[in-house]
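The values are calculated or read from the model by the stated rules, or taken from the named source; none is laboratory data. From a predicted model like this one, the values you see are computed outputs, not experimental measurements. With ideal geometry, Cβ positions are generated from the backbone for all residues, glycine too; neighbour counts draw on all protein chains shown. These area figures cover heavy atoms from the full protein model, side chains too; ligands, DNA and RNA do not enter into them. Shrake-Rupley method; radii C 1.70, N 1.55, O 1.52, S 1.80 Å.
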Amino acid sequence: MVNHNKDGGSNVSTATATHLSASAPTFVPACHFDVTSGSGGRCARSSYCCCCGGDPGPGEWSLSESRGGTRREWGTSSMEREGGKNAAVVAVVTEPRFTQRYREYLEKQKLLDRQHRVAKMPDGTVALPVLGEALREQHLRELRNCVAPGSTCIVTQLLHPVPSKKAQSCSPAQRLCLEVSRWVEGRGVTWSAELEADLPRSWQRHGNLLLLSEDCFQAKQWKNLEPELWETVASALGVRRVAKRGRVSPDGTRTPAVTLLLGDHGWVEHVDNGIRYKFDVTQCMFSFGNITEKLRVASLPCAREVLVDLYAGIGYFTLPFLVHAGAAFVHACEWNPHAVVALRTNLEINGVADRCQIHFGDNRKLKLSNIADRVNLGLIPSSEEGWPIACQVLKQDAGGILHIHQNVESFPGKNLQPLGSSEMEKEHRPYPQQIITNQGTNGATGDSRRKTLPAATKPEWQRWAESAETRIATLLRQVHGKPWKTQILHIQPVKSYAPHVDHIVLDLECRPCPLVG
């Protein structure tokens, strides 16, 4: 543990320094390198150090040749500590009476790390965090010989750097900008307004994995800074893995175009309403904007019901129906093999695998019929290709309820309900939880006797719902060979999907007409 104490009114914390040995699996006690003592880069503690043998290891200064002569560079200044915490930082150590002179020089040379506090070492010396990538032996010689003659000038690594007050007050986006810009400049690249504008302003976080949107880090300059760039991004935001998403592939399986930039796998876990979802972000979709609909289906009275989920994915709606709504059994259809792997896992970890059967493949070829009390059609932009099979699986004698998802276009100037967002796919901001109720029936002839919908309803939603109801009534008669009556129960807004495009759900009750005579 690190004790944070103020010393003499200055912003100084007590810390422990360390270096990383090539053979040691964990961090070891402090090992300082006096790079100005003429020891040739060997440990200043002794001619033979018990932790490193006196020679520079992977976490120490190493010698490299350049046109300007020999220089020593710190090898692991951006290394992230175990557990995803702040990375260890390089620091210059000297006596307290020289601290102010050192600070002024480091600030003038743009070497002072303002993101971390000056640290008081156990032996009474003071460690000033610096930007290790930019620090050169020339700077250290000037500190000892010119800035503060006679001072001790030792380079070390702070294992537990303490964020400065300025860093603590920064937003994550500001912190990312600050740390990336300093790292970029340390690599000899000029920081520009173009690069700053290309940084992300929002992202998704799944545990220790950061998922960036496609509209960031697009400038050509970033390519030359990979892969170390992603380590800097991860360190700035306190994660260990970084991925970047693209457009969802129009391949029918809605495979996300996600590239893993840092880390060895894309598996993450997310918890919604007490339900655990595990999935690979590089292979499976997950929309935070659907949370209102997942909460809604979780509250539906599904006890003793058999449900068919035609587009199950990783279990977005299958699991709420089983875990919270109390469905007796769910038939889950999915043709993305990666989603099926995640679905099996999620059924197991949520303890409902015995109440679900997975049907892998094209649901249009599903052999089930006359089995369902309820059917979920959770595919956007449209689930219309699944409507015939949805009618097929409904119980012939009792019928049931269809939950039909659809993206519906609305027109500017006619919207009576403001959109939740005006930017394409920007976290798909969900609508407030609301249910729009309509009493009415539709027979096989398509006759309609409806009450006026609440004023908040968009007319485009209503027109689409009526059209879908008529189409479903026709399909039911074709599939079952007898007339059915349909009734719009709810129109549920889920989220704004794009400018003037709303993701909604139609709850449609479907019942066979009683035989006459």
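Can you tell me which residue is least open to solvent (accessible area, probe 1.4 Å) among those in segment 254-270 that are closer than 13 Å to residue 314 by Cα and of a type in the set (Val, Ile, Thr)?
Going through the qualifying residues, I end up with 268.
Quick one: in segment 459-474, which of the residues that are more than 19 Å from residue 411 (Cα to Cα) and in contact with a strand residue (DSSP E or B) (Cβ under 9 Å, 6 or more places away or on another chain) is most open to solvent (accessible area, probe 1.4 Å)?
470
Hey, could you check segment 189-208 for residues that are within 10 Å of the chain's Cα centre (by Cα) and of a type in the set (Gly, Ala, Ser) and say which is farthest from residue 173 (Cα to Cα)?
The selected residue is 207.
Please identify the pairs in which a residue from segment 342-355 that is touching a residue at least 40 places away in the same chain (Cβ under 8 Å) and assigned to a helix (DSSP H, G or I) has its Cβ atom under 9 Å from the Cβ atom of a residue that is of a type in the set (Phe, Trp, Tyr) and open to solvent by 60 Å² or more (accessible area, probe 1.4 Å), counting only partners at least 6 apart or on another chain.
342/267
Please verify whether residue 393 is under 24 Å from residue 495 (Cα atoms), in contact with a strand residue (DSSP E or B) (Cβ under 9 Å, 6 or more places away or on another chain) and open to solvent by less than 10 Å² (accessible area, probe 1.4 Å), treating the condition exactly as stated.
No, not satisfied.
Residue 362 versus (1) open to solvent by 20 Å² or more (accessible area, probe 1.4 Å); (2) more than 17 Å from residue 269 (Cα to Cα); (3) touching a residue at least 60 places away in the same chain (Cβ under 8 Å): which is the lone unmet condition?
Result: residue 362 passes all but (3).
Is it fair to say residue 216 is part of a loop (DSSP other than H, G, I, E, B) and surrounded by 21 or more Cβ atoms within 10 Å (Cβ to Cβ)?
Answer is no for this residue.
Take the residues of segment 274-320 that are open to solvent by less than 30 Å² (accessible area, probe 1.4 Å) and of a type in the set (Asp, Glu): which is farthest from the chain's Cα centre (by Cα)?
309
For segment 105-159, which positions are in a helix (DSSP H, G or I), charged (D, E, K, R) and either surrounded by 16 or more Cβ atoms within 10 Å (Cβ to Cβ) or in contact with a strand residue (DSSP E or B) (Cβ under 9 Å, 6 or more places away or on another chain) (or both)?
137, 142, 144
One line per residue, one yes/no per condition, for (1) in contact (Cβ under 8 Å) with a residue 60 or more places away in the chain; (2) hydrophobic (A, V, I, L, M, F, W, C); (3) in contact with a Pro (Cβ under 8 Å, 6 or more places away or on another chain):
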| site | (1), (2), (3) |
| --- | --- |
| 136 | yes, no, no |
| 140 | yes, yes, no |
| 147 | no, yes, no |
| 150 | no, no, no |
| 154 | yes, yes, no |
| 164 | yes, no, no |
| 181 | no, no, no |
| 191 | no, yes, no |
| 204 | yes, no, no |
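Identify all residues within segment 167-179 that are surrounded by 15 or more Cβ atoms within 10 Å (Cβ to Cβ) and without any contact (Cβ under 8 Å) to a residue 24 or more places away in the chain; write none if there are none.
Hits for segment 167-179 are 170, 177.
Of all residues in segment 326-349, how many are touching a helix residue (DSSP H, G or I) at 6+ places or on another chain (Cβ under 8 Å), farther than 19 Å from residue 405 by Cα and crowded, with 20+ Cβ neighbours inside 10 Å?
Qualifying residue count for the region: 4.
Based on what the data block shows, is residue 384 open to solvent by less than 10 Å² (accessible area, probe 1.4 Å) and under 25 Å from residue 491 (Cα atoms)?
For residue 384, the condition - open to solvent by less than 10 Å² (accessible area, probe 1.4 Å) and under 25 Å from residue 491 (Cα atoms) - is not met.
Given the conditions (1) small (Gly, Ala, Ser); (2) more than 20 Å from residue 117 (Cβ to Cβ); (3) buried (at least 18 other Cβ atoms within 10 Å of the Cβ), which single one is not true for residue 164?
Of everything listed in (1) small (Gly, Ala, Ser); (2) more than 20 Å from residue 117 (Cβ to Cβ); (3) buried (at least 18 other Cβ atoms within 10 Å of the Cβ), residue 164 misses just condition (2).
Has segment 295-303 got at least one residue that is assigned to a helix (DSSP H, G or I) and of a type outside the set (A, V, I, L, M)?
Looking through segment 295-303, at least one residue is assigned to a helix (DSSP H, G or I) and of a type outside the set (A, V, I, L, M).
For segment 278-299, give me each residue that is touching a residue at least 40 places away in the same chain (Cβ under 8 Å) and farther than 28 Å from residue 231 by Cβ.
Answer for segment 278-299, where residues must be touching a residue at least 40 places away in the same chain (Cβ under 8 Å) and farther than 28 Å from residue 231 by Cβ: 287, 289, 290, 291, 292, 293, 295, 296, 297.
What's the total number of residues in segment 476-489 that are over 11 Å from residue 512 (Cβ atoms) and surrounded by fewer than 18 Cβ atoms within 10 Å (Cβ to Cβ)?
Result for segment 476-489: 2.
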